[in-house]
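Contents: one structure, followed by commentary.
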Amino acid sequence: MLPSTELTLLRRLAHEQTKCRVPSIVAAVVRDGEIAWSGGRGRVAGETPGADTQYRLGSITKSIVAAGVLRLRDEGLLDLNDPLEKHVQGTSFGSSTIGQLLSHTAGLTAESPGLWWERTPGADWAALDGSLATGALKNRPGSRFHYSNVGFGVLGEVLARHRGTSWLDVVRTEVLGPLGMSRTSPAPEGEHADGFAVHPFADLLLPEPSPDAGAMAPAGQLWSTITDLARWTTFVGGDGGDVLSSETIAEMRDMITVDDADTWTVGYGLGLQLVRHQGRRLAGHTGSMPGFLACSLIDPATGTGALTLANSTSGVGILQLCIDLITLTEEHEPSLPTEWQPSTVDTTHLDLTGIWHWGPTPYHLRLLPDGLFSLAPAEGPGRASRFKPTGEDTWTGLDAYYHGETLTVGRTPDGKPNHLDLATFIFTRTPYDPQAPIPGGVHPTGWH
């Protein structure tokens, strides 16, 4: 980056460290899958923290666990609509679905009963399940967003039962390893920051405990570095490597439920937090454990993301810091649009392109270079979607109103396309073409 941009980003990080009295903090900006800038402030063992200094990720662990669950779904081993009872029998909340657990809409209690799980050694699944025998559901499943650490402890058990090993071994083998995240671990290894609470009225530190959380560990156990977290940030942006397809990651980023209903700036998908800011749709997750704060966000539209790790229990505006780093990067060095180049498309479908009318409204159908096509109003607002082929003359919607709906191409006896049937809506080459199967028919007097 330009020296002026790097200074601007470092100043923002330095301001946060000084104003919030953070023992140490590291941050990075990613672009096009690489770290474009990184910086550190404060001290770890007397040195400025760097790209290989481990901090605790907290709830970013949840997103990594969610990737493991989506792998099960993509392999056909579970469905997001499956009730938990189908995969983990005997709980008191077995009617909650896998999808609801991933999106914090299962109605499950926020915290595990008993002692504060983040500061005390955790027990095994049997103990956690037993503690939830009564009173585990606080809301009707599916009725509202209710953040649940317990829900991801449960999803860790789903992973363990399907793979016949611990949730940790599953994410190490199936997520962290393939992504090259070798410095992400359940406990600190090598160079790492210790967790502290900062006294509110004096410049004093109190060491925080970091015990193994047992069955609750999938909610926030992992430690990592900005180098590894940068790889995870680009993963959330769509670079799934051999772990998940870009389509599945995009599904994880789809808004399922809104956290702040009045303003609708923050919501949740499948294991990912979603943020709207100044026209951008950011995806990632924050993390908070005693002694640590973390955040990872990316704008999938531009590929610009930011991440930060700090060893302080509270006081840091960790989400806003990441948003500001992305915003400052785009302001000082805006992303250029992808250069247009001719591409290879399936020319057998060229006869479908052009203008189609839904009633009197013209739509454009365009072939896309990835084997898809788009159908969108010729001008102004309206229902627009991309479609993927699913059979001869059948396509499935990928976006918005037509997501999951089937589009069928209707042809004349000589094979020429003369209408599109999209979820019972008929599109024709001319408005209300009498030669097409217009629902309700076309008035015999026609246009006059």
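Only a single criterion out of (1) part of a strand (DSSP E or B); (2) within 23 Å of E247 (Cα to Cα); (3) hydroxyl-bearing (S, T, Y) is not satisfied by Y363, namely (2).
Here S92 meets the list (1) among the hydroxyl-bearing types (S, T, Y); (2) outside the structural domain of G151 (by TED's automatic domain parsing); (3) surrounded by fewer than 16 Cβ atoms within 10 Å (Cβ to Cβ) almost entirely, failing just condition (2). Scanning segment 321-341 for residues that are of a type in the set (A, V, I, L, M) and either in contact with a Leu (Cβ under 9 Å, 6 or more places away or on another chain) or farther than 20 Å from S4 by Cβ (or both) returns L321, I323, L325, I326, L328. In the set L270, L274, only one residue is among the hydrophobic types (A, V, I, L, M, F, W, C), outside the structural domain of Y401 (by TED's automatic domain parsing), in a loop (DSSP other than H, G, I, E, B) and within 8 Å of the chain's Cα centre (by Cα); that residue is L270. Of P431, P413, P444, all but one fail to be at pLDDT 95 or above, farther than 30 Å from G33 by Cα and assigned to a loop (DSSP other than H, G, I, E, B); the exception is P431.
For segment 378-387, filtering for residues that are surrounded by fewer than 15 Cβ atoms within 10 Å (Cβ to Cβ) and within 21 Å of L350 (Cβ to Cβ) leaves 1.
To keep it simple, each residue is scored yes or no on (1) within 16 Å of P218 (Cα to Cα); (2) free of Cβ contacts under 8 Å to residues at least 24 places away in the same chain.
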{"site": "Q100", "(1), (2)": "no, no"}
{"site": "N139", "(1), (2)": "no, no"}
{"site": "T165", "(1), (2)": "yes, yes"}
{"site": "G177", "(1), (2)": "no, yes"}
{"site": "T184", "(1), (2)": "yes, no"}
{"site": "A197", "(1), (2)": "no, no"}
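If you go through segment 100-117 and keep only what is touching a Lys or Arg at 6+ places or on another chain (Cβ under 9 Å) and surrounded by fewer than 23 Cβ atoms within 10 Å (Cβ to Cβ), you end up with G107, T109, A110.
Would you call T248 of a type in the set (S, T, Y) and either outside any loop (DSSP other than H, G, I, E, B) or closer than 26 Å to G76 by Cβ (or both)?
yes
To keep it simple, each residue is scored yes or no on (1) touching a helix residue (DSSP H, G or I) at 6+ places or on another chain (Cβ under 8 Å); (2) farther than 29 Å from G271 by Cα.
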{"residue": "L9", "(1), (2)": "yes, no"}
{"residue": "H15", "(1), (2)": "no, yes"}
{"residue": "V26", "(1), (2)": "yes, no"}
{"residue": "R31", "(1), (2)": "yes, no"}
{"residue": "T48", "(1), (2)": "no, yes"}
{"residue": "G58", "(1), (2)": "no, no"}
{"residue": "D74", "(1), (2)": "yes, no"}
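Of everything in segment 265-277 that is touching a strand residue (DSSP E or B) at 6+ places or on another chain (Cβ under 9 Å) and under 29 Å from S210 (Cβ atoms), the residue that is surrounded by the fewest Cβ atoms within 10 Å (Cβ to Cβ) is V266.
Restricting T313, T308, T286 to those that are in contact with a Pro (Cβ under 8 Å, 6 or more places away or on another chain), assigned by TED's automatic domain parsing to the domain that holds G180 and under 30 Å from F201 (Cβ atoms) reduces the list to T313. Screening D262 against (1) touching a strand residue (DSSP E or B) at 6+ places or on another chain (Cβ under 9 Å); (2) surrounded by fewer than 16 Cβ atoms within 10 Å (Cβ to Cβ) leaves a single unmet condition, (1). Is there a residue in segment 246-256 that is over 25 Å from G404 (Cα atoms), among the acidic types (D, E), in contact (Cβ under 8 Å) with a residue 12 or more places away in the chain and surrounded by fewer than 18 Cβ atoms within 10 Å (Cβ to Cβ)? Looking through segment 246-256, none of the residues is over 25 Å from G404 (Cα atoms), among the acidic types (D, E), in contact (Cβ under 8 Å) with a residue 12 or more places away in the chain and surrounded by fewer than 18 Cβ atoms within 10 Å (Cβ to Cβ).
For first residues located in segment 406-428 and of a type outside the set (K, R), partners that are assigned to a loop (DSSP other than H, G, I, E, B) and surrounded by fewer than 17 Cβ atoms within 10 Å (Cβ to Cβ) and lie 6+ apart or on another chain with Cβ distances below 6 Å form the pairs V409/D393; N418/T412; A423/E405; I426/I438.
Checking each residue of segment 105-128 against the condition of being within 20 Å of the chain's Cα centre (by Cα) and at pLDDT 95 or above gives at least one match. Comparison of D239, D212, D228 shows that the only residue that is charged (D, E, K, R) and crowded, with 22+ Cβ neighbours inside 10 Å is D228.
The values are calculated or read from the model by the stated rules, or taken from the named source; none is laboratory data. Here the structure is a predicted model, which means the values were calculated and not measured. Quick reminder, even Gly has a Cβ in these numbers, built from the backbone with ideal geometry, and neighbours come from all protein chains shown.
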